[in-house]
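Chemist: I have a structure I would like to understand better, so I am pasting it below and will then ask my questions one at a time.
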Amino acid sequence: MERNVVIIPGDGIGPEITASVKKIFAEAEVPINWIEGFAGNEAFEKTGNPLPEEVIELIKEHKVALKAPLTTPVGKGFRSANVTLRQRLELYSNVRPALSLPGVKSPYTDVNLVTFRENTQGLYIGKERIIEPDSHIELVGVITRIACERIIHAAFEYARKHKLKKVTLGHKANILKESTGLFLKIGGEIAADYPDIKFEDMIIDNMAMQMVMHPQQFNVIVTTNLFGDIISDLASGLVGGLGVTPGANIGDEYAVFEAVHGSAPDIAGQNKANPTALLFSSLMMLRHLGMDDKHDLIRNAALKVLADPELRTGDLGGKGSTTSFTDAICREIAASK
Ligand code: NAI
């Protein structure tokens with residue numbers, strides 16, 4: 001039986017990397033029927049809204065989506081469609097694994113951590129108030145008990161399910177005593193329900209340094225929205241960069257899978273983008289859908305191709321293009337069928 005999944009091609013390199021995933025899924029005969037939805041710049045130009053209601057309704061109907069990056073104008077223009085989507089669908093867990101890949105050049109070969117970033121609150125909600133134009137701005141960060149509890153629970157549940165030893169909570173409760181202080185307090189309360197899992201906390205600036213110096217000490221990291229945004233990019237730099245780091249936005253009812261990276265306008269339309277991050281996000285989606293055999297087939301093929309320096313894309317020091325890399329994975333899948 002085919003499963004309907006919404007696919008959003010997005011902006012910049014989005015259409016190139018979604019085409020790559022579709023081609024690889026077709027080669028692997030994954031029983032997915034893609035339903036196209038539009039968001040981002042293209043949707044904004046056509047409808048005046050970067051996140052049209054139709055695309056939200058499509059995801060509500062089919063429950064699961066694979067989304068390529070959406071451009072958000074810097075310092076002006078419309079509000080991020082990504083942030084709105086996460087809030088509207090209550091996708092409160094942003095799950096970002098960073099795993100060393102055999103043969104891929106990176107500072108370490110033994111990183112295996114996953115960041116759980118609170119996805120709906122904090123300073124990231126973009127509530128800014130102009131007190132005096134060009135001179136005085138105030139911004140509001142929101143933290144509620146319910147939002148802290150659900151993300152911290154999700155992090156502990158993940159650790160338990162994957163038999164991981166430790167959850168580390170990142171905060172800034174020495175300075176932001178009430179807001180991230182509440183996050184830390186609730187972390188301690190929830191940890192008491194998981195005596196089998198070690199719990200520790202770290203001030204976020206120290207955590208950034210520790211991740212660079214000793215990343216092997218981390219299993220699951222849980223933190224607030226803006227901190228999670230930054231340290232998950234840092235984590236991606238430990239394992240080969242944004243081109244290889246996947247992610248998922250998970251709520252109780254819906255799930256939207258997307259790469260950590262953005263729309264990379266500097267390389268858009270040049271057949272240079274590395275589709276691995278979106279492909280690995282789509283593999284997280286296959287696990288979510290219970291299609292483990294297809295997950296394994298595609299992942300094994302992708303790992304073989306990634307290990308060959310000639311075939312990799314330029315961001316990983318290789319000579320491959322988006323399309324030649326995709327074709328190499330398709331050949332591996334065909335050979336192992
Ligand atoms: P970016 O992630 O798009 O690019 C940062 C650097 O990494 C660039 O040099 C880019 O070429 C490179 N890069 C990123 N993905 C790559 C890939 N798959 N293969 C090879 N190289 C890759 O970040 P930037 O430039 O800060 O943001 C560009 C736009 O993307 C902005 O409008 C931003 O708001 C948006 N964005 C959207 C996200 C989403 O839709 N979830 C997440 C992050 C940013």
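The values are calculated or read from the model by the stated rules, or taken from the named source; none is laboratory data. All values reported here derive from a predicted model rather than from experimental measurement. Here Cβ is always computed from backbone atoms with ideal geometry, including for glycine, and neighbour counts include all displayed protein chains. We work out accessible area using only protein heavy atoms, side chains counted, and drop any ligands, DNA or RNA first. Shrake-Rupley method; radii C 1.70, N 1.55, O 1.52, S 1.80 Å.
Chemist: Where residues in segment 303-316 are within 16 Å of the ligand (Cβ to nearest atom) and free of Cβ contacts under 8 Å to residues at least 40 places away in the same chain, which of them is surrounded by the most Cβ atoms within 10 Å (Cβ to Cβ)?
Modeler: Ranking the qualifying residues of segment 303-316, first place goes to V305.
Chemist: Checking the structure you have, find out if any residue of segment 129-138 is assigned by TED's automatic domain parsing to the domain that holds L234, among the small types (G, A, S) and modelled with pLDDT of 95 or more.
Modeler: Keep residues of segment 129-138 that are assigned by TED's automatic domain parsing to the domain that holds L234, which gives 129-138.
Subset that is among the small types (G, A, S): 135.
The next check asks that each one be modelled with pLDDT of 95 or more; those that pass are 135.
Yes: one or more hits.
Chemist: Give segment 77-113 a look and list any residue that's within 12 Å of the ligand (Cβ to nearest atom), under 15 Å from the mean Cα position of the chain (by Cα) and either under 16 Å from L306 (Cα atoms) or among the β-branched types (V, I, T) (or both), or say none.
Modeler: V83
Chemist: If you go through segment 191-209 one residue at a time, do you hit one that is within 13 Å of the ligand (Cβ to nearest atom), among the acidic types (D, E), at pLDDT 95 or above and closer than 23 Å to I151 by Cα?
Modeler: Here is the first cut: in segment 191-209, the ones within 13 Å of the ligand (Cβ to nearest atom) are none.
No, the conditions are met nowhere in segment 191-209.
Chemist: Also: Can you pull out the residues in segment 144-167 that are open to solvent by 30 Å² or more (accessible area, probe 1.4 Å), aliphatic (A, V, I, L, M) and in contact (Cβ under 8 Å) with a residue 40 or more places away in the chain? Talk me through it step by step, then tell me what you get.
Modeler: So the first thing to find is which residues in segment 144-167 are open to solvent by 30 Å² or more (accessible area, probe 1.4 Å), and the list is 144-146, 149-150, 153, 157-158, 160-165.
Filter again for aliphatic (A, V, I, L, M), leaving 146, 164.
Scanning segment 144-167 gives a single hit, L164.
Chemist: Also, I was wondering about something else. Pairs please, first residue from segment 65-93 and among the basic types (K, R), second anywhere and in a loop (DSSP other than H, G, I, E, B) and near the ligand (Cβ under 7 Å from one of its atoms), Cβ atoms under 8 Å, 6+ apart in sequence or on different chains.
Modeler: Pairs that qualify, where the first residue is among the basic types (K, R) and the partner is in a loop (DSSP other than H, G, I, E, B) and near the ligand (Cβ under 7 Å from one of its atoms), are K67/G10; K67/E258; R79/T72.
Chemist: For segment 124-143, name all the residues that are of a type in the set (A, V, I, L, M, F, W, C) and open to solvent by less than 80 Å² (accessible area, probe 1.4 Å). Lay out the reasoning, then the answer.
Modeler: First pass over segment 124-143, keeping only residues of a type in the set (A, V, I, L, M, F, W, C): 125, 130-131, 137, 139-140, 142-143.
Within segment 124-143, I125, I131, V140, V142, I143 meet the criteria.
Chemist: Next question, about the same structure. I'd like to verify a number: residues in segment 281-295 that are free of Cβ contacts under 8 Å to residues at least 60 places away in the same chain and open to solvent by 10 Å² or more (accessible area, probe 1.4 Å), how many? Break it down into steps so the answer makes sense when it comes.
Modeler: Restricting attention to segment 281-295, the residues satisfying the condition of being free of Cβ contacts under 8 Å to residues at least 60 places away in the same chain are 283, 287, 290, 292-293, 295.
Now narrow it down to the ones that are open to solvent by 10 Å² or more (accessible area, probe 1.4 Å): 287, 290, 292-293, 295.
Looking only at that region, the number is 5.
Residue-by-condition table, conditions (1) more than 30 Å from L123 (Cβ to Cβ); (2) hydrophobic (A, V, I, L, M, F, W, C); (3) within 16 Å of the ligand (Cβ to nearest atom):
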site: S20; (1), (2), (3): yes, no, yes
site: I35; (1), (2), (3): yes, yes, no
site: V64; (1), (2), (3): no, yes, no
site: K67; (1), (2), (3): no, no, yes
site: G75; (1), (2), (3): no, no, yes
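Chemist: Is it true that A277 is assigned by TED's automatic domain parsing to the domain that holds A39, near the ligand (Cβ under 7 Å from one of its atoms) and not in a loop (DSSP other than H, G, I, E, B)? Full working, then the answer.
Modeler: On the way: assigned by TED's automatic domain parsing to the domain that holds A39: yes; near the ligand (Cβ under 7 Å from one of its atoms): yes; not in a loop (DSSP other than H, G, I, E, B): yes.
The answer is yes for A277.
Chemist: Somewhere in segment 227-245, is a residue closer than 29 Å to K185 by Cβ and away from the ligand (no atom under 15 Å from the Cβ)?
Modeler: Residues of segment 227-245 closer than 29 Å to K185 by Cβ: 227-235.
Next, only the ones that are away from the ligand (no atom under 15 Å from the Cβ) stay: 227.
Yes, segment 227-245 has at least one match.
Chemist: Report whether or not V30 is buried (at least 20 other Cβ atoms within 10 Å of the Cβ), more than 13 Å from the ligand (Cβ to nearest atom) and not acidic (D, E). Explain how you work it out, then say what you get.
Modeler: Values: buried (at least 20 other Cβ atoms within 10 Å of the Cβ): yes; more than 13 Å from the ligand (Cβ to nearest atom): yes; not acidic (D, E): yes.
In short, yes.
Chemist: Failed condition for A268, given (1) more than 8 Å from the ligand (Cβ to nearest atom); (2) without any contact (Cβ under 8 Å) to a residue 12 or more places away in the chain, with all others met?
Modeler: Only one criterion in (1) more than 8 Å from the ligand (Cβ to nearest atom); (2) without any contact (Cβ under 8 Å) to a residue 12 or more places away in the chain is unmet by A268, namely (2).
Chemist: Of all residues in segment 317-337, how many are of a type in the set (S, T, Y) and open to solvent by 60 Å² or more (accessible area, probe 1.4 Å)? Even if it seems obvious, please write down each step before you answer.
Modeler: From segment 317-337, those of a type in the set (S, T, Y) are 321-324, 326, 336; that's our starting set.
Still in the running and open to solvent by 60 Å² or more (accessible area, probe 1.4 Å): 323, 336.
Final tally of qualifying residues: 2.
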